[in-house]
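This is the structure I have questions about; it appears just below.
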Amino acid sequence: MKNLKSLALVAVMAIATVMSAFAKDKPDVYILATGGTIAGTGASAVASGYTAGQVAIESLISAVPHLRDLANITGEQIVSIGSQDMNDQVWLTLAKRINELLASDDIDGIVITHGTDTMEETAYFLNLTVHSNKPVVLTGAMRPSTALSADGPLNLYNAVATAASPSAKDRGVMVVMNGLILGAHGTQKMNTLSVQTFQDPDGGPLGYVYNSEPRWNLCTLKKHTTQSVFDVTNLDVLPKVGIVYSYSNVDADVMSPFLNPANGYQGVIHAGVGNGNIHKNIFPALDQARAQGIAVVRSSRLPTGPTTLYDEVDDEAHQFVASWELNPQKARVLLMLGLTKTHDWKELQKYFDEY
Ligand code: SIN
């Protein structure tokens, strides 16, 4: 009996020794590259004029050797585009690839390099379609890689520092830019030129990166990632949803493309004035959309504040959905995913209440 016990002890110690020999020295962070200004090049280091998406992921990684101090790094080029050309196919590819990678015990976090123009939309799409609590971080740059004081290298470093940190788990998809960590639900590109362009004007940043470590101040109560019901695993296309922008004297003919069944729209986001208010010229066209079975979501062209239910507009009577804090471009993302589950406007409203 005593011999058996000693044998078992020796076996346990041997297994522990082998396991510690294979234990990770550093987290494994996988970088998925899509292009953007972070991968942009231009002839001049000081003047405007450059082309986005020119530098491959291997060069971006080797330009920041300090990344290897933070994590074991692997890079993969998904596409090389300016994010003004972002599309549903790239979103579906990213969501599927990230879910596949994060299902592996070998990967601890994901960084996506991305143009800044539509980064907030991609971040919110992934926030709803990645089903893992491991960190997923988007980053980019406002200045191309060839510019003086290019912001890409430090942004990439801070993004990897965040993705490598166990403290970044369960926080939803994040954007890390200019030292700030922002949640996908609230972050917006606010300035056409400034490196301090990403802000969350209603909620504030989740935290910031200091000395290679994320430091946290807030967490979101909106549903995301592991709580999300949206599953794109078996989808190759997404429901078509467009945005119509309101302004003084707007004419109902701006709605014509949405009402033409040949165009295949299943939903329209109305970027209204004020609290999502609707010009009398366009109201009948939005009612017509509902009569044709097209979902209508009221959002606002204002950068801050919610578009609330049942304020100046009787949403119940018109079967309109209110977007709450989501701006028009993010309301479009949620409506596309919502329409993969239901066309019932009250069910769609619940998604906008929760996500
Ligand atoms: C883009 O979004 O790809 C161009 C602009 C940028 O990355 O800052």
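The values are calculated or read from the model by the stated rules, or taken from the named source; none is laboratory data. Remember, it's a predicted structure, so these values are computed and weren't measured experimentally. Positions of Cβ are generated from backbone atoms using ideal geometry, with glycine treated the same way; all protein chains shown enter the neighbour counts. Accessible surface areas use protein heavy atoms only, side chains included; no ligands, DNA or RNA. Shrake-Rupley method; radii C 1.70, N 1.55, O 1.52, S 1.80 Å.
If you count, for each residue, the other Cβ atoms within 10 Å and average over each peptide, how do 71-80, 294-303, 34-43 line up from highest to lowest?
Working: 71-80: 17.2, 294-303: 22.2, 34-43: 23.9.
Taking the mean over residues of other Cβ atoms within 10 Å, the ranking is 34-43, 294-303, 71-80.
Tell me what the chain gives for mean residue ellipticity at 222 nm when only DSSP H runs of n ≥ 4 count, each as -39,500 (n - 2.57), the sum divided by the residue total, rounded to 500 deg cm²/dmol.
Helix-only estimate at 222 nm: -9000 deg cm²/dmol.
Next question, about the same structure. What is the percent carbon and sulfur in the accessible area of region 22-227, measuring with a 1.4 Å probe over the protein chains and ignoring ligands? Don't skip to the answer; put the middle values down first.
Details: 4250 of 8480 Å².
Carbon-and-sulfur percentage of accessible area, whole number: 50.
What list of whole percents do you get for P(r) of region 211-355, with Cα-Cα distances grouped in 10 Å bins up to the one holding the largest distance?
Reading upward from the zero bin: 11, 41, 31, 12, 4, 1.
Based on the mean of other Cβ atoms within 10 Å per residue, sort peptides 260-266, 26-32 so the most packed one is first.
On the way: 260-266: 11.7, 26-32: 20.9.
The peptides rank, most packed first, as 26-32, 260-266.
Continuing with the same structure: To the nearest 20 Debye, how big is the dipole of the chain about its Cα centre, given +1 on the beta carbon of each Lys and Arg and -1 on that of each Asp and Glu?
Values: 25 positive and 34 negative charges, 168 e Å.
Dipole size: approximately 800 debye.
Note down the nm distance, to one decimal, between modelled labels 7 Å out along Cα→Cβ at Thr233 and at Asp287.
The two pseudo-label positions are separated by 4.4 nm.
Find the accessible area per residue for region 22-227; the probe is 1.4 Å, ligands and nucleic acids are left out, and the unit is Å². Before the final figure, lay out each step's value.
Numbers: 8480 Å² over 206 residues.
Here the residues of region 22-227 average 41 Å² of exposed surface.
How about Lys169: which lysines have a C-alpha closer than 29 Å to its C-alpha, ignoring those fewer than 8 places off in the same chain?
Filter leaves Lys24, Lys26, Lys96, Lys134, Lys189, Lys222, Lys223, Lys330, Lys341, Lys350.
Let me ask you something else. For the pair Glu100 and Thr192, how long in nm is the line joining their label points, each one 7 Å along Cα→Cβ?
It is 4.0 nm.
Quote to one decimal, in nm, the extra length available between Val46 and Lys341 on full extension: 0.36 nm per residue of separation minus the C-alpha distance between them. Present the calculation step by step, with values, prior to reporting the outcome.
On the way: separation 295, 0.36 × 295 = 106.20 nm, distance 4.90 nm.
That works out to 101.3 nm of additional length.
Once the Cα gyration tensor of the chain is diagonalised, what are the square roots of 5 times its eigenvalues, in whole Å and ordered largest first, as equivalent ellipsoid semi-axes? The partial results should precede the final answer.
Values: eigenvalues 336, 134, 60 Å².
Each semi-axis is √(5λ); the values are 41, 26, 17 Å.
Chymotrypsin sites (Phe, Trp or Tyr not before Pro), restricted to region 204-258: which are DSSP loop and have at most 15 other Cβ atoms within 10 Å? The partial results should precede the final answer.
Numbers: sites: Tyr208, Tyr210, Trp216, Phe230, Tyr245, Tyr247, Phe258; in loops: Phe230, Tyr247.
Here the sparse-neighbourhood loop sites are Tyr247.
Let me ask something else. Could you estimate the translational diffusion coefficient of region 22-227 from the Stokes-Einstein equation, with Rh from the Kirkwood formula over C-alpha pairs, at 25 °C and 0.890 mPa s, in whole µm²/s? Walk me through the intermediate numbers first.
On the way: Rh = 16.5 Å.
Translational diffusion coefficient: 149 µm²/s.
Then there is this: Under a point spin-label approximation (7 Å from Cα along Cα-to-Cβ), what is the Asn277-Asp202 distance to one decimal in nm?
Going from the Asn277 label point to the Asp202 one covers 1.9 nm.
Moving on to the next point. Tell me, how many Å apart are the Cα centres for region 179-253 and for region 326-351?
The two parts, judged by their Cα centres, are 15 Å apart.
When the accessible area of region 241-354 is computed with all protein chains present and a 1.4 Å probe, what percentage of it is carbon and sulfur?
Working: 2360 of 4850 Å².
Carbon and sulfur together cover 49 percent of it.
Taking the solvent-accessible surface of protein heavy atoms with a 1.4 Å probe, what is the per residue accessible area of region 241-354 in Å²? Walk me through the numbers before you get to the answer.
Numbers: 4850 Å² over 114 residues.
Per-residue accessible area for region 241-354 comes out at 43 Å².
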